[in-house]
Amino acid sequence: MTKKGIALVSVLVAMVAVLMMALGMSYLAEANLSTGRNLAQQAVARQRAEAGIDHALAYLRVNPNFAETRSVSGNGYTGTITPLVPGEKYRIESTGTFQQARHAAVAEVRIEVIPTQRQNPLFGNGWISGGRITVNGGVDLYASRLHADKGYANLSGQIQVCDENGQNCKNLNQVSPPPITGGAGVGDTQCNASGTNRVVCQDNQPRYQVCPVYQPPSDPTFTCQDAITGEIKRWDQAYRITTPNVNNLSEQALGVRVSSVIPDARQKNLCQVEFTSLDPGQPTELTRFLSARNVTPVGNDTNTLLRQVLPLLSGLRVCVQGNVTLPGGTTLNSATFYVGGTFQVNGSANLQDVKVAAQGGLNLDDVQATNSKFFTNGNINLNNKALFRGDSTIASIQAITFNGRANLLNNRALAIISQGDITFDGRADTHAFMWAGGQITFNGTGTFIGGAVSIGGTIRKGGGQFSIRNSNAENSDLPQIETDGGPAPRVTFRR
């Protein structure tokens, strides 16, 4: 055979080998695609079957007692609810389908009386204090009240009682009884109201007394009128307030104590990504983070790298040993920060569903925060451009001076919580709840909507009229109480 013939045979063999390999890869790719399609179809079928279980649970919440089998159906699922013990125990079976895939889900349910939760109504009724209330200047009560367990150090200005719209206002001597009370059975009380406000005082004690909201009476079996319901109860069974514990609140909301942020986060495996610092950070850490997400780093400047990193933190739990500084113009959604140092916003930043536990303190400047929570072991600083909306919270173990604004959103309002004192500077015109272990001080005028609950007392300084308006809004970090619940399904088994 000639050299040309040998070469031709060799080329043909190589071509056949390449063809066989290509066919094998094609078959493998097709098999992978088929497997992927099957997995995707199975996932959709599983989701639909679970949707059928959820549909049946919703049905049982409305109809918790029946003796015959009921059916539910929806997009791609059918289910049955079979009574095992009518009114007590049920079995749910649901089948979900999608193209060729089929999935079955099962749950067993008991019907139980499950207490519902609602916010302690002492929050949102006006100014409620376990200490004394001092008012220098005028106050208008818009469907709200003043209560001080230990009475009133001063009520020197004009106090009017109005409806919730600020209309039909009357002086205290035209309202019986006026919504200004003290704690019954409590020692060390005083009431030195002057002028027309003497109507609320009698022999240096508040004339109208209800169950104390914080102070214990000298008689452990003392009965009194509940400040909220008006019912006669033993004092410790009436509505009461407690001293805020920011460590506990932070642990409930973010899983860590603000006095031990990073150790707690690591112990509970909360950190999805870790940085030594984001102030603005270390180039190698920032570059490594970007590369792991197939993002090409722009240069080696830490400020530029940080601006690339921040949008990618949305949806992540981020642990930072040192400080975090967000540059102006930052927008973040659904990120959680566990910070060993301080958390700071320089300029304007838009934060949506952001949670922060910072051991070193919070400097928030003119942050725009919606449904966001900030807890710290240190101080909180912000300016009057800061705006909080909805179910937001700022909480500190230290004292808080609040200079910002807060607006209502979806019947949720800001909570300002301190184990120490809270000082509210400037014109109010804000919708919020305050809860202080120490004293709350209002400086300035305006309309405060919500409630101020203090253990140590409340002071209003400055001249002019100050309006206090009640609120039915809520905040998830304020104390919840159990109320009578109805029968509801509790899942005991689900697969």
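The values are calculated or read from the model by the stated rules, or taken from the named source; none is laboratory data. This one's a predicted model, so the numbers in the text were calculated from it and none came from an experiment. Here the Cβ is made from the backbone with ideal geometry for all residues, glycine too, and neighbour counts use every protein chain on show. Surface accessibility is based on the protein's heavy atoms, side chains included, excluding ligands, DNA and RNA. Shrake-Rupley method; radii C 1.70, N 1.55, O 1.52, S 1.80 Å.
Within the stretch 478-485, is even one residue among the acidic types (Asp, Glu), closer than 27 Å to residue 118 by Cα and in contact with a Ser or Thr (Cβ under 6 Å, 6 or more places away or on another chain)? Show your work before the answer.
First pass over the stretch 478-485, keeping only residues among the acidic types (Asp, Glu): 482, 484.
Remaining after also requiring closer than 27 Å to residue 118 by Cα: 482, 484.
Add one more test, that the residue is in contact with a Ser or Thr (Cβ under 6 Å, 6 or more places away or on another chain), and what stays is none.
Within the stretch 478-485, none of the residues are among the acidic types (Asp, Glu), closer than 27 Å to residue 118 by Cα and in contact with a Ser or Thr (Cβ under 6 Å, 6 or more places away or on another chain).
Kindly provide the set of residues from the stretch 441-450 that are within 14 Å of residue 400 (Cβ to Cβ) and in contact (Cβ under 8 Å) with a residue 24 or more places away in the chain, ordered by number. Residue satisfying the conditions is 442 alone. I'm checking my understanding of the structure. Among residues of the stretch 107-118 that are outside any loop (DSSP other than H, G, I, E, B) and open to solvent by 10 Å² or more (accessible area, probe 1.4 Å), which one is nearest to residue 187 (Cα to Cα)? Per the stated criteria, the residue is 118.
Regarding residue 148, is this residue surrounded by 24 or more Cβ atoms within 10 Å (Cβ to Cβ) and among the hydrophobic types (A, V, I, L, M, F, W, C)? Walk me through how you get there before you give the answer.
On the way: surrounded by 24 or more Cβ atoms within 10 Å (Cβ to Cβ): yes; among the hydrophobic types (A, V, I, L, M, F, W, C): yes.
Spelling it out, residue 148 is indeed surrounded by 24 or more Cβ atoms within 10 Å (Cβ to Cβ) and among the hydrophobic types (A, V, I, L, M, F, W, C).
Scanning the stretch 151-178 for residues that are touching a Leu at 6+ places or on another chain (Cβ under 8 Å) and either open to solvent by 30 Å² or more (accessible area, probe 1.4 Å) or among the hydrophobic types (A, V, I, L, M, F, W, C) (or both) yields 159, 160, 161, 162. Look at (1) in contact with a Ser or Thr (Cβ under 8 Å, 6 or more places away or on another chain); (2) of a type in the set (A, V, I, L, M); (3) closer than 15 Å to residue 495 by Cα and you find that residue 57 fails only one, number (1). Scanning the stretch 54-97 for residues that are in contact (Cβ under 8 Å) with a residue 24 or more places away in the chain and open to solvent by 60 Å² or more (accessible area, probe 1.4 Å) yields 55, 61, 65, 75, 78, 84.
Take residue 465 and tell me if it is in contact with a strand residue (DSSP E or B) (Cβ under 7 Å, 6 or more places away or on another chain), farther than 30 Å from residue 64 by Cβ, open to solvent by 50 Å² or more (accessible area, probe 1.4 Å) and modelled with pLDDT of 95 or more. Even if it seems obvious, please write down each step before you answer.
Working: in contact with a strand residue (DSSP E or B) (Cβ under 7 Å, 6 or more places away or on another chain): yes; farther than 30 Å from residue 64 by Cβ: yes; open to solvent by 50 Å² or more (accessible area, probe 1.4 Å): yes; modelled with pLDDT of 95 or more: no.
In short, no.
The number of residues in the stretch 305-328 being in a loop (DSSP other than H, G, I, E, B) and open to solvent by 60 Å² or more (accessible area, probe 1.4 Å) comes to 1. Can residue 291 be described as of a type outside the set (Asp, Glu), surrounded by fewer than 20 Cβ atoms within 10 Å (Cβ to Cβ) and modelled with pLDDT under 95? Against the criterion (of a type outside the set (Asp, Glu), surrounded by fewer than 20 Cβ atoms within 10 Å (Cβ to Cβ) and modelled with pLDDT under 95), residue 291 qualifies. Scanning the stretch 206-224 for residues that are surrounded by 17 or more Cβ atoms within 10 Å (Cβ to Cβ) and either in contact with a Ser or Thr (Cβ under 7 Å, 6 or more places away or on another chain) or among the polar types (S, T, N, Q) (or both) turns up 206, 208, 209, 210, 215. If the condition is being more than 18 Å from the chain's Cα centre (by Cα) and aliphatic (A, V, I, L, M), then the stretch 453-476 contributes 453, 455, 459, 468.
Within the stretch 121-155, the set of residues being assigned to a strand (DSSP E or B) and farther than 17 Å from residue 198 by Cβ comprises 126, 127, 128, 129, 140, 141, 142, 145, 147.
Only one of the numbered conditions (1) crowded, with 21+ Cβ neighbours inside 10 Å; (2) over 23 Å from residue 143 (Cα atoms) is violated by residue 187, and that is (1).
All of (1) open to solvent by 80 Å² or more (accessible area, probe 1.4 Å); (2) touching a helix residue (DSSP H, G or I) at 6+ places or on another chain (Cβ under 7 Å) hold for residue 234 with one exception: (2).
Only one residue in 331, 302 is open to solvent by 20 Å² or more (accessible area, probe 1.4 Å), of a type in the set (Val, Ile, Thr) and within 23 Å of residue 253 (Cβ to Cβ), so which one is that? If you could, list the steps in order and put the result at the bottom.
On the way: 302 fails: within 23 Å of residue 253 (Cβ to Cβ).
It is 331.
Restricting the stretch 434-462 to residues that are out of contact with any Leu (no Cβ under 9 Å at 6 or more places or on another chain) and within 17 Å of residue 143 (Cβ to Cβ), the residue that is surrounded by the fewest Cβ atoms within 10 Å (Cβ to Cβ) is 447. For the stretch 277-284, the count of residues that are farther than 30 Å from residue 476 by Cβ and open to solvent by less than 20 Å² (accessible area, probe 1.4 Å) is nonzero.
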